[in-house]
Amino acid sequence: AVGGGTGSGLGALILERIAVDYRKKSKIGFEIYPAPNISTCIVEPYNAMLSTHWLLDHTGVSVVLDNEAIYAICQKQLDTDRPSYKELNMVIAKVISSMTASLRFDGELNVDLGEFQTNLVPFPRLHFMTTALAPVISKKKSGHEAQTVREITDHAFQPANMLVKYADFDPVEDKYMAISINYRGKIMSKEANATVQWLKQNNKISFVEWCPTGFKIGLNAVPAALVGGDLMAPANQNVTMIGNNVAVSRVFTERINKKYDMMYGQRAFVHWYVGEGMEEGEFSEAREDLGFLEKDYLDVVTEQASDEVGGDEEF
């Protein structure tokens, strides 16, 4: 949890230690970011700002999650009015399990953890991922849902099914830099490739101009296991989508930077951090870094492909 004290503080310390001891290993983090409306901590913007500054250097891939989005999935799709943290964690665990399935089971097209980083991160700083899961349906509804490969893949690209909440997600404007789709169950590569083509042809998603292929497909023969007390109906075919989408920059801008600026303008609550041995300079350094990150995401969308250099530009 990036907004809480233990999650951000201890998490950052552990990451730093891991970075020293295991320099070459790829590090994948699953971070709960502050939700748009639900908040459990007053100094969330400070914690989130300082730990994101850390994550930029210390993780190879960061999967951004938020509780509000997962609450909505539990309430609307799993028919649970008041989901507990355990039930939220179960949804997240399904995503993590799909990402690591290749380590446990053989598949026709295995994707190991290093490949996520290689395929999803075009520039080292832009490694914050949006993820979704399908099919997420309750046991009551599972009888009358057609769970074809095409349908579950389409579900995984719906903003409502993403594990981070984007209020105004626009499939045309919010472009992907890269996408990894991990299928589990008896799915042939021909079928998976045909589904990806169908997504592209029907303009379900849009890519930045300089990334023509954009898709990494993983196939694994073993579907997700049943867990005791699971809300989700078991399915023979699952898909997990992990995408590098520019919309994630709004999480930083609206949920962290704006709130941080309001609070830090008055230096509210800062004395607690200084009293623990931090310096005010660390705050401004983190804020500057996130400002650059915001700009990096803007550049990705506005940049034309690099070979379209104007004639008057010199090298």
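The values are calculated or read from the model by the stated rules, or taken from the named source; none is laboratory data. Computed from a predicted model, the values in this text were never measured in an experiment. Positions of Cβ are generated from backbone atoms using ideal geometry, with glycine treated the same way; all protein chains shown enter the neighbour counts. Note: accessible area is taken over every heavy atom of the protein model, side chains too, but ligands, DNA and RNA are not part of it. Shrake-Rupley method; radii C 1.70, N 1.55, O 1.52, S 1.80 Å.
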Given charges at beta-carbon only (K, R positive; D, E negative), |dipole| of the chain in Debye: 1620 debye
Please find, in a Gaussian network model of the chain (springs between Cα atoms separated by less than 10 Å), the residue of 174, 66, 299 whose mean-square fluctuation is greatest. 299
Could you work out how far apart the two model spin labels at residue 204 and residue 288 are, taking each label as a point 7 Å from the Cα in the direction of the beta carbon, and quote it in nm? 4.4 nm
Using 7 Å Cα-to-Cβ label points, what is the residue 262/residue 301 separation (nm, one decimal)? 2.3 nm
According to the Kirkwood expression over distinct Cα-Cα pairs, how big is the hydrodynamic radius of the range 68-145, in Å? 14.8 Å
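Taking 30 Å as R0, compute the FRET efficiency from the Cβ-Cβ separation of residue 105 and residue 25 and round it to 0.05.
It comes to 0.90.
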Need one value: the accessible area of residue 81 in square angstrom, 1.4 angstrom probe, rounded to the nearest 10. 120 Å²
Using modelled backbone amide H atoms (1.01 Å from N, in-plane), which distant-in-sequence or interchain residues come within less than 5 Å of residue 129's amide H? 62, 63, 64
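Rounded to a whole number, what % of the accessible area of the chain do carbon and sulfur atoms account for, probe 1.4 Å?
54 percent
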Along the dipole axis of the chain (charges at Cβ: +1 for Lys and Arg, -1 for Asp and Glu; origin at the Cα centre), the most positive-end residue among 283, 193, 226 is 226
Compare 113, 226, 65 in a GNM of the chain, Cα atoms joined below 10 Å, and give the one with the largest fluctuation. 226
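In debye to the nearest 20, how big a dipole does the range 151-239 give about its Cα centre with +1 on each Lys and Arg Cβ and -1 on each Asp and Glu Cβ?
Magnitude of the dipole: close to 380 debye.
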Residue by residue through the range 39-55, which ³J(HN,Hα) values in whole Hz follow from phi under the Karplus form 6.51 cos²θ - 1.76 cosθ + 1.60 (θ = phi - 60°), with glycine and proline marked x? 9, 10, 8, 6, 8, 3, x, 5, 4, 5, 4, 5, 7, 5, 4, 6, 4
Taking only protein heavy atoms and a 1.4 Å probe, what accessible area per residue, in Å², does the chain have with all protein chains in place? 51 Å²
How much solvent-accessible surface does residue 198 expose, in Å² to the nearest 10, with a 1.4 Å probe and all protein chains in place? 50 Å²
Counting only residues 5 or more apart in sequence or on a different chain, those whose built amide H sits under 5 Å from that of residue 218 are 181, 182, 183
For all pairs of alpha-carbon atoms in the chain, what percent lies in each bin of width 10 Å, listed from the first bin to the last filled one? 5, 26, 33, 24, 9, 2, 0
Using a Förster distance of 45 angstrom, determine the FRET efficiency expected from the C-beta separation of residue 280 and residue 17, and round it to 0.05. 0.95
Separation of alpha-carbon centers, the range 47-74 and the range 105-153, rounded to whole Å: 18 Å
Give the residue from 69, 130, 56 lying farthest towards the positive end of the charge dipole for the chain; charges sit on Cβ (+1 for Lys and Arg, -1 for Asp and Glu) and the dipole is referred to the Cα centre. 69
In the range 61-115, with Lys and Arg counted as +1 and Asp and Glu as -1 at Cβ, which of these residues, 98, 85, 114, has the Cα nearest the positive end of the dipole, that is, farthest along it? 85
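Take the alpha carbon gyration tensor of the range 166-315, find the square roots of its eigenvalues, order them as a ≥ b ≥ c, and report rounded if a/c is under 1.5; if not, report prolate when a/b exceeds b/c, else oblate.
Here the range 166-315 falls in the oblate category.
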Just from its helices, what would the mean residue ellipticity at 222 nm be for the chain, if runs of 4 or more DSSP H residues each count -39500 (n - 2.57) and the sum is divided by every residue, rounded to the nearest 500 deg cm²/dmol? -13000 deg cm²/dmol
Taking a crude spin-label model, label points 7 Å out from Cα along the C-beta direction, the residue 170 to residue 226 distance in nm is 4.5 nm
Compute the Rg/Rh shape ratio of the range 2-119: radius of gyration over Kirkwood radius, all on alpha-carbon atoms. 1.00
